[in-house]
1. Rank by packing, highest mean first: peptides 74-81, 43-50, with packing defined as the count of other Cβ atoms within 10 Å averaged across residues.
2. Work out, step by step, the length gained on full extension between Leu70 and Met1: first 0.36 nm times the residue separation, then minus their alpha carbon distance; give nm to one decimal.
3. Residue by residue, what Karplus-based ³J(HN,Hα) values in Hz, rounded to whole numbers, does the range 37-54 have, using 6.51, -1.76 and 1.60 with θ = phi - 60° and x for Gly and Pro?
Amino acid sequence: MLWLSSLLVFGCLAWFVAFASGADLPLGRDQLIHARIPWLVLGLLWAGASLGVVSLVRKRRLSRWLIVGLQAPVVAFLSIYFLQLSFVP
């Protein structure tokens, strides 16, 4: 469950970085540019974050704390970025 969480969160980060670097991505281009709020990206991001928290609650280990700790700033940055800048024309 933690691996799926990491895949979703860091996959969304990679998707965002690839898109920001100017790569033409056929999947999600309309979501990131033409949608008012990119719910597809945010949904995958938040699903990954919730899976990370659930896996942390199930087994509390230092390694899980570190991985979820690395995911938290990524989730916060991308959420704020997409929710605030989605209203900029």
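We did not get these values from a lab; they are worked out from the coordinates using the rules stated. Just so we're clear, the structure is a prediction, and the values are computed from it rather than from any experiment. Note that each Cβ is placed from the backbone with ideal geometry, even for glycine, and that neighbours are counted across all protein chains shown.
1. 43-50, 74-81
2. Result for the pair: 23.3 nm of gain on full extension.
3. 10, x, 5, 4, 5, 5, x, 5, 5, 6, 5, x, 5, 5, 5, x, 5, 5
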